[in-house]
Amino acid sequence: MTTGRFAPSPTSDLHLGNLRTAVLAWLLARDDAGAFLLRIEDLDQQRVAAAPQVAQRQLTDLAALGIDWDGEVVRQSQRLDLYRDAAAGLETYECYCTRREIAEASQAPHGSYRPYPGTCAHLTRSERAARRAVRPAAIRVRAHGAAMTVHDLHAGEVSGEVDDFVLFRADGTPAYNLAVVVDDGLQGVTQVCRGADLLDSAPRQAWLARELGFVPPSYAHVGLAVNRVGERLAKRDGAVTLSELESSGLSGRQVFETICRSAGLPAAGSAPELLDAVRGRDWWTIEAIWRPWVVDARAIIDRR
Ligand code: GLU
């Protein structure tokens, strides 16, 4: 049986793309009579503190679409010890590099993920002491140039090299890649459905899961919502959250129908209605689920 999950970061309200990912994650899990978990990824306390009510609004919006979840909502900020305990057995080293230094030492094009070039991998004790006096260290895992292959429902077998990625930031906060793997592992998540921007991270995360003794999940990376010029949908693109669309005169039902259409699915008014209409589909054959969705908020509002 599948255990799926949705794991928003509570830094801003969910926009249409996030809501669509949540609907699809819920659908894939429930279609298999599986469990569905919600996790608030609130490790970045500075950004969370700047928007204190966001997590609650995210839960309210999901519930308004008919998405239900099993058990308590988990908050990463309350699980710091679990991440530290899980990482205790890993081979790690201190890293003193700034982002700029990593960018300069790496060949990756601007904007894409830059595999760590290993600058701090083999420092001597005295070199470490000298650098530590200047700046606090982040902690990286020593991956020994590993490679890993994952299975994605649409992309199929996806292989990637595993660099020495960060486990703890210089301020001691567990990094996303560590927390997400520990939580998915401890919560028994078997299927990770999320935005396609995270496909590149899947081999790294699955490798870490295996190192920590978990069975890596299967993946389903769905199309991102983008604006008319192909950039990731953002607040500045206008009325793209549920409450903004509702203030423009759309009902929750109409917003849900828009999400259904965007994914090539029959228009339904809520998540349970949609599930009844599409149960047992071969999800990977529905192209629109996996393609980027070009959102034109004006057109959505005008169509009501
Ligand atoms: N918290 C991440 C985000 O909102 C999602 C991480 C994941 O689904 O693995 O982008």
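Tabulated values for the structure
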item	result
Candidate set: region 226-257, residues that are at positive phi and in contact with a helix residue (DSSP H, G or I) (Cβ under 9 Å, 6 or more places away or on another chain); chosen: the one surrounded by the most Cβ atoms within 10 Å (Cβ to Cβ)	G238
Residue list for region 192-207, filter: of a type in the set (A, V, I, L, M) and surrounded by fewer than 23 Cβ atoms within 10 Å (Cβ to Cβ)	A196, L198, L199
Filter pass, V189 being in contact with a Phe, Trp or Tyr (Cβ under 7 Å, 6 or more places away or on another chain) and crowded, with 22+ Cβ neighbours inside 10 Å	no
Some residue of region 6-17 being more than 13 Å from the ligand (Cβ to nearest atom) and either assigned to a loop (DSSP other than H, G, I, E, B) or farther than 24 Å from R253 by Cα (or both)	no
Close pairs (8 angstrom Cβ cut-off, 6 or more residues apart or separate chains): touching a residue at least 60 places away in the same chain (Cβ under 8 Å) and within 19 Å of A179 (Cα to Cα) in region 4-25, polar (S, T, N, Q) and in a loop (DSSP other than H, G, I, E, B) anywhere	G4/T190; R5/Q187
Every residue from region 273-300 that is among the small types (G, A, S) and either surrounded by 14 or more Cβ atoms within 10 Å (Cβ to Cβ) or within 26 Å of S248 (Cβ to Cβ) (or both)	A288, A297, A299
Residue match in region 125-132 (condition: of a type outside the set (S, T, Y) and assigned to a loop (DSSP other than H, G, I, E, B))	no
Of the criteria (1) within 13 Å of the ligand (Cβ to nearest atom); (2) under 30 Å from R135 (Cβ atoms); (3) surrounded by fewer than 16 Cβ atoms within 10 Å (Cβ to Cβ), which one G172 fails	(1)
In region 182-197, the residues that are closer than 27 Å to P117 by Cα, outside any strand (DSSP E or B) and either away from the ligand (no atom under 11 Å from the Cβ) or in contact (Cβ under 8 Å) with a residue 40 or more places away in the chain (or both)	V182, A196
Any chance A64 is surrounded by 14 or more Cβ atoms within 10 Å (Cβ to Cβ), under 23 Å from D237 (Cβ atoms) and away from the ligand (no atom under 16 Å from the Cβ)	yes
Candidates I289, I300 - the one that is assigned to a helix (DSSP H, G or I) and touching a strand residue (DSSP E or B) at 6+ places or on another chain (Cβ under 7 Å)	I289
V54 surrounded by fewer than 19 Cβ atoms within 10 Å (Cβ to Cβ), in contact (Cβ under 8 Å) with a residue 24 or more places away in the chain and of a type in the set (V, I, T)	no
Extreme residue, nearest to the ligand (Cβ to nearest atom), among residues of region 33-51 that are without any contact (Cβ under 8 Å) to a residue 40 or more places away in the chain and charged (D, E, K, R)	D42
Count of residues meeting criterion [part of a loop (DSSP other than H, G, I, E, B), surrounded by fewer than 12 Cβ atoms within 10 Å (Cβ to Cβ) and either among the hydrophobic types (A, V, I, L, M, F, W, C) or at pLDDT below 95 (or both)] in region 133-169	1
G280 being closer than 24 Å to D32 by Cβ, of a type outside the set (A, V, I, L, M, F, W, C), at pLDDT 95 or above and part of a loop (DSSP other than H, G, I, E, B)	no
Meets criteria (surrounded by 14 or more Cβ atoms within 10 Å (Cβ to Cβ), β-branched (V, I, T), within 21 Å of the chain's Cα centre (by Cα) and closer than 21 Å to R204 by Cα) for V74	no
Filter result (surrounded by fewer than 18 Cβ atoms within 10 Å (Cβ to Cβ) and among the aliphatic types (A, V, I, L, M)) within region 210-225	L212, V215
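The values are calculated or read from the model by the stated rules, or taken from the named source; none is laboratory data. As the structure is a computational prediction, the values presented were derived from the model and not from experiment. Heads up, the Cβs are rebuilt from the backbone with ideal geometry, glycines too, and the neighbour counts pull from every protein chain shown.
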